[in-house]
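Taken together, the values in this text are just the output of simple stated rules run on the coordinates, not laboratory data. The structure displayed is predicted, hence computed values, not measured ones. Note: ideal-geometry Cβ built from the backbone for every residue, glycine included; neighbour counts use all protein chains shown.
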Amino acid sequence: MPAPPTVKPFPDHMAIEQTEPWTLALASPSQTENFGSTIGRRLQKGEVIALVGELGSGKTTFVRGVALGTGLDPHVVSSPTFTLIQEYFGPLTLAHVDLYRLKQSEELADTGLAEYLNGDFVVLIEWADRMPDAWLPDDYLSIHFLHTGKNARRVQVQAIGPRSHGLLRAVMSDSR
Ligand SMILES: Nc1ncnc2c1ncn2[C@@H]1O[C@H](COP(=O)(O)OP(=O)(O)OP(=O)(O)O)[C@@H](O)[C@H]1O
Ligand SMILES: [Mg+2]
């Protein structure tokens, strides 16, 4: 039996607000970085990407690629021990949020996250599942990372809202 298609069509006549997940296999860290940079090249300020996946599943590697795609030096991207949010200044300003160390959701109010979500930044949120849904904007791209082997990962990408849907369509056409 042929394998099911991994790319789902998005008929133009349908006003899709929430897409089916788009599943991609990433066979190496550089493929994950390339995937990030494909998205980074299409990002505009105000866009938000929620990253979910266990430890070491490739979220930061992906963010490094996004940084590169937006015109930043990817070496600026790190996983700091104490800071929940880092800013990277370039052609776009990126807010790299890592909620792994968030102890309770009440702490979010003190991080300044609300200001980063005000539309001036591109916001990338690792461990987005640690924040209450109410904190997520109405429109964002969601990416789930799964371990499928030592160097193999699978991502499921889903657009929530029309703006992210447009972004996802552009990225899918760039990836063909
Ligand atoms: N296909 C792949 N994509 C991404 N990373 C991979 C892949 N294969 C192996 N790796 C390795 O897995 C690790 C992923 O680490 P990374 O910091 O990106 O994960 P993370 O999801 O951000 O983890 P954490 O939850 O600790 O923040 C790196 O050491 C990377 O080299
Ligand atoms: Mg990380």
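Simple point charges give the picture: +1 on the Cβ of Lys and Arg, -1 on the Cβ of Asp and Glu, and for the chain a dipole about the Cα centre of about 760 debye.
If the label point is 7 Å along Cα→Cβ of Leu55, which residues in the stretch 69-88 have backbone nitrogen under 16 Å from it? Counting backbone N atoms under 16 Å from the label point, the list is 79-82. Remark: Ser142, Ser79 ranked as Ser79, Ser142, counting other beta-carbon atoms within 10 Å and listing the fewest first.
Result for the chain in a Gaussian network model with C-alpha springs under 10 Å: among Tyr100, Tyr140, Tyr116, the largest mean-square fluctuation is at Tyr100. Electrostatic bookkeeping for Phe121 treats Lys and Arg as +1 and Asp and Glu as -1; over the other residues with beta carbon under 11 Å from its beta carbon, the sum is -3.
For the stretch 46-126, rounded, prolate or oblate, judged on the Cα gyration tensor with a ≥ b ≥ c (square roots of eigenvalues), a/c < 1.5 rounded, else prolate if a/b > b/c? Judged from the Cα gyration tensor, the stretch 46-126 comes out oblate (a/c at least 1.5, b/c at or above a/b). Ranked for footprinting exposure by Cβ neighbours inside 10 Å, fewest first, His165, His75, His96 give His75, His165, His96.
Taken over the chain, lysine pairs spaced eight or more positions apart, or on distinct chains, with alpha carbons under 25 Å apart number 4. The angle separating the long axis of helix 29-42 from the principal Cα axis of greatest extent in the chain is about 80 degrees.
Normalised by the number of residues in the stretch 22-175, the average gap of Cα pairs under 8 Å and 6 or more apart makes the relative contact order 32 percent. By how many degrees, 0 to 90 and rounded to 10, does the Cα axis of helix 59-69 deviate from the longest principal axis of the chain? Around 80 degrees separate the two axes.
With the charge dipole of the stretch 22-175 set up from +1 on Lys and Arg Cβ and -1 on Asp and Glu Cβ about the Cα centre, the Cα lying farthest toward the positive end among the listed residues Ala134, Val155, Val48 is that of Val155.
Relative to the current alpha-carbon distance between Asp129 and Ala170, full extension at 0.36 nm per residue lengthens the span by 12.2 nm. Full extension of the segment from Glu115 to Ala25, taken as 0.36 nm per residue of separation minus the current Cα-Cα distance, would add 29.0 nm.
For Thr83, neighbours were defined as the other residues whose beta-carbon sits under 14 Å from its Cβ, and their charges (Lys and Arg +1, Asp and Glu -1) total -4.
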